[in-house]
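For reference, the structure discussed in these notes is given below.
The values are calculated or read from the model by the stated rules, or taken from the named source; none is laboratory data. Predicted model, so just to flag it, every value in this text is computed and none were measured. Cβ coordinates were reconstructed from backbone atoms using ideal geometry, including for glycine residues, and neighbour counts include every protein chain displayed.
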Amino acid sequence: MKTLSIRYLILLVSVFWITGCPSKDETAIEKAQQLFEDGDYEEALSRYESLIATEGSTARVGAGWSAMRLNDLNTANVYFSEAALDSIPDGYAGWSVTLWGSGSLLQSLDKTAFVLRKKPEFKLSLDRSVTHKDLIWVQASCYYQLGNYPGAVNRIQALDDTFAPNMEAANLAEVIALKLQALGTAH
């Protein structure tokens with residue numbers, strides 16, 4: 001019986017040692033995420049920024065999304081681009097939006113394509129309401145702004161397969177713009 005207890009104790013200690021207890025930084029990341037989820041983006045940004053040295057790209061991505069929610073696209077873009085080497089889909093998704101917002105449409109298309117290849121059913125970990133559909137909308141908008149109407153229609157049809165405009169219509173650009181506007185309020 002004593003041998004069994006000792007073995008059990010050794011097993012428990014080994015499991016605890018291997019898995020460890022949560023680090024202070026993990027708890028701090030969770031607190032920053034909670035602030036983001038609660039809509040306190042200024043405090044979330046501050047917390048994420050303080051964690052960059054220890055948490056790297058995870059904190060940068062959180063800081064980027066927090067900055068974006070504060071309408072600071074330039075700061076968000078910096079954080080997303082700094083996190084790019086780690087190929088985190090949440091970061092690339094944010095980066096695609098900041099690039100779209102700044103008019104870097106081809107780069108935005110590249111980033112959205114990366115996310116959708118890596119995670120076709122993408123959902124932002126910080127805000128599950130941000131999904132692959134939002135990225136497809138960004139792609140459609142980019143194609144529209146670039147004058148690539150067939151590309152825009154293709155991406156819109158991924159969101160609404162009933163959309164079938166006359167590709168020869170003189171008002172095609174207007175039809176696409178109206179559909180993007182309608183979809184933008186829905187996604």
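Within the stretch 123-130, is even one residue of a type in the set (D, E, K, R) and modelled with pLDDT of 95 or more? So far as the stretch 123-130 goes, yes, one or more of its residues are of a type in the set (D, E, K, R) and modelled with pLDDT of 95 or more. None of SER96, SER87 is within 13 Å of the chain's Cα centre (by Cα), surrounded by fewer than 18 Cβ atoms within 10 Å (Cβ to Cβ), among the polar types (S, T, N, Q) and closer than 26 Å to ILE29 by Cβ except SER87. Among the residues of the stretch 168-187, those that are surrounded by 10 or more Cβ atoms within 10 Å (Cβ to Cβ), free of Cβ contacts under 8 Å to residues at least 40 places away in the same chain and part of a loop (DSSP other than H, G, I, E, B) comprise ALA169, ASN171. Residues in the stretch 28-64 that are acidic (Asp, Glu) and assigned to a helix (DSSP H, G or I): GLU30, GLU37, GLU42, GLU43, GLU49, GLU55.
The residues of the stretch 155-187 that are polar (S, T, N, Q) and modelled with pLDDT of 95 or more, listed by number, are GLN157, THR162, ASN166, ASN171, GLN181. Residue count for the stretch 34-55 under the criterion of being under 17 Å from ILE88 (Cα atoms) and out of contact with any helix residue (DSSP H, G or I) (no Cβ under 7 Å at 6 or more places or on another chain): the result is 0.
A Cβ distance below 7 Å, combined with a sequence gap of six or more or placement on separate chains, defines the contacts here; from the stretch 133-145, residues that are without any contact (Cβ under 8 Å) to a residue 40 or more places away in the chain and farther than 10 Å from GLY184 by Cβ reach residues that are in a helix (DSSP H, G or I) and small (Gly, Ala, Ser) in the pairs ILE136/ALA158; TYR143/GLY151; TYR143/ALA152; TYR144/ALA152; TYR144/ALA177.
Taking the criterion of being touching a residue at least 12 places away in the same chain (Cβ under 8 Å) and part of a helix (DSSP H, G or I), the residues of the stretch 79-93 that qualify are TYR79, PHE80, SER81, GLU82, LEU85, ASP86, PRO89, ASP90, GLY91, TYR92, ALA93.
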